[in-house]
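The values are calculated or read from the model by the stated rules, or taken from the named source; none is laboratory data. Just so it is clear, the structure is predicted and the values come from calculations on it, not from any experiment. Note that each Cβ is placed from the backbone with ideal geometry, even for glycine, and that neighbours are counted across all protein chains shown.
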């Protein structure tokens, strides 16, 4: 397992907007994979009041090189004024999975968009 320059980005999204946002990020090669967690309730303070919303958590796998472009695109597409965008560094990973992520966001794939057969996207 080698050190890598992958990041995992957490983004919350309204329950009804997650498919369009996640699909756009993958289609535009800003993310190799977006894992969508089941809907849950978020309770937070906004505008001086405690708010409650039904949201989905998106877990985005990408490279450090794509973070700025990813953040800009999320700002354009996301319905919130200030969407959650938390970028967590990855300290290492399976070399084949890391290479697959790079290929998916860097456009260097060899025509096969699937990860190696023993690597499941979203892991």
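Quick notes on this one:
- Applying the set (1) in contact with a strand residue (DSSP E or B) (Cβ under 7 Å, 6 or more places away or on another chain); (2) farther than 29 Å from residue 40 by Cα; (3) modelled with pLDDT of 95 or more to residue 65 leaves exactly one unmet item: (1).
- Residues in the range 47-62 that are over 13 Å from residue 25 (Cβ atoms) and touching a residue at least 12 places away in the same chain (Cβ under 8 Å): 53, 54, 55, 56, 57.
- Any chance residue 122 is modelled with pLDDT under 90, within 14 Å of residue 22 (Cα to Cα) and either surrounded by 13 or more Cβ atoms within 10 Å (Cβ to Cβ) or touching a strand residue (DSSP E or B) at 6+ places or on another chain (Cβ under 7 Å) (or both): yes
- Flag for residue 95 being in contact with a strand residue (DSSP E or B) (Cβ under 8 Å, 6 or more places away or on another chain) and modelled with pLDDT under 95: yes
- The range 72-101, residues that are free of Cβ contacts under 8 Å to residues at least 60 places away in the same chain and closer than 16 Å to residue 30 by Cβ: 72, 73, 75, 76, 77
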